[in-house]
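Trainee: Submitted below is the structure of interest, expressed as structure tokens.
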Amino acid sequence: MAITTVKDVFEKMPQVFNAGEAAGLDLVFQFHITGDQGGDWNVVVKNSACQVSTGAHASPSVTFTMEDANWVAMWNGELDGMKAYMTGKLQLSGDIMSAQRLQSLFPF
């Protein structure tokens with residue numbers, strides 16, 4: 001079933017979380033999604049567990065900024081994350097290497 005809203009992505013993240021990929025990690029992913037469905041969410045990955053929360057985290061490892069339609073398209077496999085980054089549809093700040101772990105931790 002395709003993801004249709006930004007909120008759907010964040011609600012589904014704990015369900016698809018790959019704890020095996022998270023061993024030894026201590027990361028905070030901050031998401032700033034723009035557009036009508038936009039908002040701020042953060043995902044804390046620590047001790048092979050994840051916690052998804054709304055709002056801004058005080059000290060994120062990496063921050064993702066993306067338009068709502070592109071965010072949904074990325075999680076539906078319609079937009080490649082690397083291409084989105086290279087074409088400016090996805091902006092990253094902070095530890096960019098941490099951003100590369102996102103898809104292995106949350107395989108949609």
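Trainee: Does the stretch 81-108 hold any residues that are free of Cβ contacts under 8 Å to residues at least 24 places away in the same chain and surrounded by 13 or more Cβ atoms within 10 Å (Cβ to Cβ), and which are they?
Mentor: Gly81, Ala84, Tyr85, Lys89, Gln100, Gln103
Trainee: Inspect all residues belonging to the stretch 44-52 and state whether any of them is of a type in the set (Gly, Ala, Ser), in contact with a strand residue (DSSP E or B) (Cβ under 7 Å, 6 or more places away or on another chain) and over 20 Å from Ile3 (Cα atoms). Explain how you work it out, then say what you get.
Mentor: So in the stretch 44-52, the residues of a type in the set (Gly, Ala, Ser) come out as 48-49.
Those still in the list that are in contact with a strand residue (DSSP E or B) (Cβ under 7 Å, 6 or more places away or on another chain) too: none.
No, the conditions are met nowhere in the stretch 44-52.
Trainee: Sticking with this one: List pairs: first in the stretch 26-55 and closer than 16 Å to Met97 by Cα and modelled with pLDDT of 95 or more, second assigned to a strand (DSSP E or B) and of a type in the set (Lys, Arg), Cβ under 6 Å, 6+ apart or cross-chain?
Mentor: Asp26/Lys46
Trainee: Of all residues in the stretch 13-43, which are assigned to a strand (DSSP E or B) and either out of contact with any strand residue (DSSP E or B) (no Cβ under 7 Å at 6 or more places or on another chain) or among the hydrophobic types (A, V, I, L, M, F, W, C) (or both)? Spell out how you get there, then give the answer.
Mentor: Looking only at the stretch 13-43, we keep the residues that are assigned to a strand (DSSP E or B), and these are 26-34, 39-43.
If the condition is that a residue be assigned to a strand (DSSP E or B) and either out of contact with any strand residue (DSSP E or B) (no Cβ under 7 Å at 6 or more places or on another chain) or among the hydrophobic types (A, V, I, L, M, F, W, C) (or both), then Leu27, Val28, Phe29, Phe31, Ile33, Trp41, Val43 are the ones that fit.
The values are calculated or read from the model by the stated rules, or taken from the named source; none is laboratory data. Predicted model, so just to flag it, every value in this text is computed and none were measured. Positions of Cβ are backbone-derived with ideal geometry, glycine not excepted, and every protein chain shown enters the neighbour counts.
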